[in-house]
């Protein structure tokens, strides 16, 4: 390596760039799937037996039990009066996936924790603060709006609520607990009924399959359900699939190019050293010792190049995390780390094939070619 520093530097730089590109492209090709708090809800489940209507709360457990269903939650609506002229709809959420709608409304994690811990908690929009005068830390008892026997709106049971936070919204609204609203003053959907269910698959690309399973589960029930996926999200995943295939092709081409460079350079280096190998044989060195020294030189080059490439990839991820490549902050996928040593081992084996054959054929008499 000392005798051919330029060649060694060239190989190390090639391996460093290849390793850094491999890890970065792997991060680009790996979808980031959030467990909760998605900006859009994968599957919307509504009453399929009529244009509008509620669904029984008893459907919740059956939806949760369907294979691959996750982040299931539901909501009801209860309207309350804060002033004679202002009505505030309370969207009441329930279920194991309730963090999703709360995160969508950009609530801080601490506020979500307080909301989950307090069954009387309600988070209100900025418009409620302006029009109703409610403030975080305040307890309020607004009368709910119920329908009398003639179908007219009337004041109902007072609902004690704890205002724990606010979120930005131009219209008055609040986020409350479904269980409390359902127990104290059932909303517009009625007792033990929900307006809509939401769910998602572990992988967003499986949402279509999960939606079909949900509809099949309730095909013989009344009311039946209509499960629809988020069209925008599905189109995005379809486009991402094509990008993913392109990135996989680029990664494969990158590895082949790096292998071609390493194999050709090592073959040329071995050919240049043929006479030196012969001289070492004359001095008593056996072929296994010659091959071992050559392999050790290659392993040192590969290790230095790979470590330098990993450092470059981490630096790129750190610098780009705050830009439009923010997803790199999630780190590199596990399969990329496992694939890296496998690829390097294959690369080393391929690069040593030609030198091994040359060393096996070299004769002591070849030293005269010096």
task: Based on other C-beta atoms within 10 Å, arrange 162, 177, 268 from fewest to most.
output: 268, 162, 177
- request: Please report 46, 67, 213, 135 as a ranked list, fewest other C-beta atoms within 10 angstrom at the top and most at the bottom.
  value: 67, 135, 213, 46
- prompt: How would you rank 209, 265, 88, going from fewest to most other Cβ atoms within 10 Å of each one's own Cβ?
  reply: 209, 265, 88
- request: Specify whether the C-alpha gyration tensor of the range 45-93 places it in the rounded, prolate or oblate class, a ≥ b ≥ c being the square roots of the eigenvalues: rounded for a/c under 1.5, otherwise prolate if a/b is larger than b/c and oblate if not.
  value: prolate
query: Which peptide among 99-108, 199-208 comes first, and what is the full order, when sorted by highest mean count of other Cβ atoms within 10 Å?
result: 199-208, 99-108
field: Stretchable slack from residue 184 to residue 86, in nm (0.36 nm times residue separation minus alpha-carbon distance)
entry: 33.1 nm
- line: Residue span residue 346 to residue 106: 0.36 nm per residue of separation minus Cα-Cα distance leaves a gain in nm of 81.6 nm
message: At 7 Å along Cα-to-Cβ for each site, give me the label-to-label distance between residue 209 and residue 250 in nm.
response: 2.8 nm
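Read the figures in this text as sums done on the coordinates, not as results from a lab. Since we're looking at a predicted model, the values are computed, not measured. Backbone-built Cβ (ideal geometry, glycine too); neighbour counts: all protein chains shown.
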